[in-house]
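Working notes, structure below.
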Amino acid sequence: MKVVLNFFSVFYFIWTSIMLVLIFSGKIVFGQGMGDLFYLILLIILQIIFGYIFFLNIKKKVTFPIIMAILLIVCVLLFTLKMTVYRGIEYPWNGSLFFE
């Protein structure tokens, strides 16, 4: 199970890093205008928390690795849905992930 959590943790960090770069460059929006700042801060906080859990997993102190892997998957799915289909009214979903 430790290998599964490590795989999903690395995937989450790569995905989060790409999303943060695209959000800061203005290519991806959540459709809330200034409310996008909430999602940006939440994404950064979650990356810090899951990074801490990843290092605990390396030291073999995580007791529920499958639950943590499921939480990582849920976070990725929810943020992806919020960037696409469930975009806000400021910039509604137009079928494109990138803001134009």
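The values are calculated or read from the model by the stated rules, or taken from the named source; none is laboratory data. What you see is a predicted model, and the numbers here were worked out from it, not measured in a lab. Using ideal geometry, Cβ is built from the backbone for each residue, glycine included, and neighbour counts are taken over all protein chains shown. Calculation scope for accessible area: heavy atoms of the full protein, side chains included, ligands and nucleic acids excluded. Shrake-Rupley method; radii C 1.70, N 1.55, O 1.52, S 1.80 Å.
Relative to the dominant Cα principal axis of the chain, helix 65-83 is inclined by about 10°. Here residue 2 is the anchor, and the lysines within straight C-alpha reach of less than 21 Å, apart from those fewer than 8 places off in the same chain, are 59, 60, 61. Helices in the chain, meaning DSSP H runs of at least 4 residues, each add -39500 (n - 2.57). Divided by all residues, the mean residue ellipticity at 222 nm is -22500 deg cm²/dmol. Taking R0 as 35 Å, what's the FRET efficiency between residue 84 and residue 10 from their Cβ-Cβ distance, rounded to 0.05? Working from the Cβ atoms, E equals 0.90.
Calculate how steeply helix 2-24 sits against the longest principal axis of the alpha-carbon atoms of the chain, using the helix alpha-carbon long axis, and give the answer as 0 to 90 degrees to the nearest 10. The helix 2-24 is inclined about 30 degrees to the chain.
The trypsin sites (Lys or Arg not before Pro) found in region 60-100 that occupy coil by DSSP, while having at most 13 further C-beta atoms within 10 Å, are 60, 61. Taking the 1.4 Å solvent-accessible surface of the chain as the whole, the part contributed by carbon and sulfur is 77%.
Computed over the chain, the convex hull of the alpha-carbon atoms projects to a mean area of 6.2 nm². Accessible area of residue 55 (1.4 Å probe, protein heavy atoms only, ligands and nucleic acids ignored): about 130 Å².
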